[in-house]
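One structure is given here, and the rest of the page talks about it.
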Amino acid sequence: MPDKPGLTSHLNLNVRGLPISATLGINERSHQLIKEGRRIYKLGLGQSPFPVPEVVVNELKVNAFQKNYLPVLGLPELRSAVAEYYRRTQGLNFAGEDVMIGPGSKELMFILQLVYYGELVIPTPSWVSYAPQAHIIGRQIKWLETDAKNNWKVTPENLEKLCSADPDRPRLIILNYPSNPHGYTYCDTELEAIAAVARKYSILVLADEIYGEVHFLGEQTSIAQFYPEGTIVSSGLSKWCGAGGWRLGTFTFPPQLQWLKNAMATAASETYTSTSAPIQYAAIKAFQGGPEIDEYLFQSRRILAHLAHTLVARLQQAGFDIAPTQGGFYLFLDFEMFRPGLAEKAIGDSVELCELLLNDTGVALLPGVAFGRPPTELTVRIAFVDFDGALALEAAGGIAHNTPLPDNFSETQCADCVAAIDAICHWVGHLPQPTTR
Ligand code: GLU
């Protein structure tokens, strides 16, 4: 009898050979190394360092008994609270029925790509999961070239160039700002110009604004202001409410895209059914806001801005070419100027670079290739989240709002992050001198 084919040979081709997501992979690897006794700086996974605000945790406690399945689109009171949140914070005119709640915006993005038949357009670099989701579903991916000198941002010109080559193709563009992996964002003029191209070619825009509340100046503007009819705004609790593990995401649709929301509801109802009930009840409090949440956000932004500033200054001092960032908790760093010294250590790509850095310094990072950069480019993403956010909030809370945090705030409150960056700077400073051949 011929051998039966192994079960693995029946894997769908679209997932065959794919590893687990880079963000989760580095997190699990970091924990494993720590368990083995290594000193690891966890700058790999982008998890908020801050605790969930107490008022929101309390709501979860009192709602632990909620046991029923909820409507597939979400708890009506939560959907209304999300719509009201957008009216209050950005002047966007949404109603409760425009909102869809899901178990994390990542899942909603997957379902969107599943139900919308269009090619995915994303800038390089982009967050690690957009492209694999498209790949799993079988969608085409078009990477938009960007320029480090323009802080890796999409320009109306490069979008126009891509679309004009094939103007009638249905497309979904994902714009994430402030951005994971680089921490830069768009000004109103830039958003308006991109919106004009999106409108011209009827591109569906997914505005991934999961870091909107951690814009350092608290000045998030959505591209939905300029292209309301074609934009879905995406957010959730993970990044501004410290609740990544709670898994709650939101999509908000304009009336013109209700057909997409309905199709997503069908896919959701046949897969995850509905989002965890206690979490949805607790999330109402988060989106309703109030003085505690305002204070929490003020301090979160203040701490992240100080830390970003401190780290960028140290990196610049060590010779890196990196501009100050504008939000979130990432830096995207290019080691190109150290290429000759790195070549002496047989490093020629971003994966090798991260491996050696982890080995030599204990700093866990993600390679630029995971974000769609060319493999031989020496870029990495730093998630500066390895500090105790509760202690940092407490310390910042004791300093008057109108007084800047002291210069040494990050060194004392976010010591491991600063030490990790110093270790990188020290490491590049001691690379072997290139030999002349
Ligand atoms: N968004 C986070 C990151 O880029 C982690 C969450 C995830 O990838 O699912 O590190």
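The values are calculated or read from the model by the stated rules, or taken from the named source; none is laboratory data. Owing to the predicted nature of the structure, the values given are computational and were not obtained by experimental measurement. Ideal geometry is used to build each Cβ from the backbone, glycine not excepted, and the neighbour counts take in all protein chains shown. When the accessible area is computed, the model is the full protein with side chains, heavy atoms only, and any ligands, DNA or RNA have been set aside. Shrake-Rupley method; radii C 1.70, N 1.55, O 1.52, S 1.80 Å.
A few comments on the model shown:
- The slack in the chain from LYS200 to CYS187, taken as 0.36 nm per residue of separation less the alpha-carbon distance, amounts to 2.6 nm.
- Dipole magnitude (debye, nearest 20) for region 215-330, charges at Cβ of Lys, Arg, Asp, Glu: 200
- GNM top mover of ILE122, ILE20, ILE210 - the chain, alpha-carbon springs below 10 Å: ILE20
- Accessible area per residue for region 283-437, computed on protein heavy atoms with a 1.4 Å probe, is 41 Å².
- Charge dipole of the chain (Cα centre as origin; +1 on each Lys and Arg Cβ, -1 on each Asp and Glu Cβ, all else neutral): 840 debye, rounded to the nearest 20.
- A convex hull fitted around the alpha carbon atoms of region 150-306 yields 135 Å³ per residue.
- Rh by Kirkwood over Cα pairs, then Stokes-Einstein D for region 121-165 at 1.306 mPa s and 10 °C, µm²/s: 141
- This model, with +1 at the C-beta of Lys and Arg and -1 at the C-beta of Asp and Glu, gives region 280-437 a dipole about its Cα centre of some 280 debye.
- Cβ-based charge dipole, region 131-273, positive-most Cα from TYR211, TYR272, SER235: TYR272
- Residues with amide H under 5 Å from that of HIS215, placed H, sequence gap 5 or more: GLY328
- Alpha-carbon centroids, region 348-411 and region 272-330: separation in whole Å: 13
- Percent breakdown of C-alpha pair distances by 20 Å bin, ordered from the shortest bin, for the chain: 25, 57, 18, 1, 0
- Amide H within-cut-off set for TYR41, under 5 Å, with H built and near neighbours excluded: VAL363, ALA364
- Comparing TYR69, VAL52, LEU11 along the charge dipole axis of region 1-96, the residue lying farthest to the positive side is LEU11, per the Cβ-charge model.
- Distance between the C-alpha centres of region 181-226 and region 17-67: 28 Å, rounded to the whole angstrom.
- Accessible surface of the chain [probe 1.4 Å, protein heavy atoms]: carbon and sulfur percent: 54
- In this structure, the amide hydrogen of LEU144, modeled 1.01 Å from its nitrogen in the peptide plane, lies closer than 5 angstrom to those of ILE122, THR124, counting only residues at least 5 positions away or on a different chain.
- Averaged over its residues, region 95-161 has an accessible area of 39 Å² per residue, based on protein heavy atoms and a 1.4 Å probe.
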